[in-house]
Amino acid sequence: MSVAELFAALFPHFARLHVEFVRVIGRTVCIRARGREASAVCPGCGEAATRVHSRYERRPSDTAISNQQAVLHLQVRRFFCDEADCERRTFAEQIPGLTFRHGRCTVLLRTVREQIALALGGRAGARLTELQAIGLGKDALASIHRAVRCG
């Protein structure tokens, strides 16, 4: 089994990424990656776009790895939407199952946070997130709880 296959087996939510390197800095695992796809779907019109406008780096947090905080250094591309009827001129690519618009964490970490907020909330949830190396305070968990229950 190659390193890429092993990484994909251990972290299936990274399957659509090309991982360039993994580095441990203190108690943080830094993963540098970029999307594998040559195109991205425009959220405005749903058409595939291939013309790249620019690139930038996002740093979403992910679930802990071996009880160490994980940060993804993700190189993201902005694409031009060339559809005449589309009101969007450019858009940022989203990696399906991994990132979401304006998200500072991965979809998996957001789901874990929501489940902890709903099950435990407040101080108990804050203690659990601290043990899981995804530390959130009691107020943040209460905010997530309200957003999930009302939204």
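The values are calculated or read from the model by the stated rules, or taken from the named source; none is laboratory data. Predicted model only: the values in this text are computed from it and were never measured. Neighbour counts are summed over all protein chains in view; Cβ atoms, including those assigned to glycine, are modelled from backbone coordinates with ideal geometry. Side chains are part of the model used for accessible areas, which takes the heavy atoms of the whole protein and leaves out ligands, DNA and RNA. Shrake-Rupley method; radii C 1.70, N 1.55, O 1.52, S 1.80 Å.
Below, the figures for the structure above:
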| quantity | calculated |
| --- | --- |
| Tabulated pairs, segment 48-71, first without any contact (Cβ under 8 Å) to a residue 12 or more places away in the chain, second open to solvent by 80 Å² or more (accessible area, probe 1.4 Å), C-beta under 6 angstrom, 6+ apart or interchain | 48/41 |
| Criterion (basic (Lys, Arg), modelled with pLDDT of 90 or more and either surrounded by 14 or more Cβ atoms within 10 Å (Cβ to Cβ) or under 21 Å from the mean Cα position of the chain (by Cα) (or both)) met by exactly one of 78, 51, 89 | 78 |
| Scope segment 106-118; condition aliphatic (A, V, I, L, M) and either open to solvent by less than 20 Å² (accessible area, probe 1.4 Å) or closer than 14 Å to residue 147 by Cα (or both); matching residues | 109, 116, 117, 118 |
| Single unsatisfied condition, residue 13 versus (1) over 30 Å from residue 130 (Cβ atoms); (2) open to solvent by 30 Å² or more (accessible area, probe 1.4 Å); (3) touching a Ser or Thr at 6+ places or on another chain (Cβ under 8 Å) | (1) |
| From the options 134, 116, residue that is among the β-branched types (Val, Ile, Thr), within 30 Å of residue 40 (Cβ to Cβ) and not in a strand (DSSP E or B) | 134 |
| Residue match in segment 16-37 (condition: open to solvent by less than 80 Å² (accessible area, probe 1.4 Å) and within 18 Å of residue 86 (Cβ to Cβ)) | no |
| Every residue from segment 119-131 that is of a type outside the set (S, T, N, Q), assigned to a helix (DSSP H, G or I) and surrounded by 15 or more Cβ atoms within 10 Å (Cβ to Cβ) | 125, 126, 128 |
| Some residue of segment 137-149 being surrounded by fewer than 17 Cβ atoms within 10 Å (Cβ to Cβ) and within 17 Å of the chain's Cα centre (by Cα) | no |
| Selected residue (criterion: farthest from the chain's Cα centre (by Cα)) from residues of segment 54-69 that are open to solvent by 50 Å² or more (accessible area, probe 1.4 Å) and charged (D, E, K, R) | 55 |
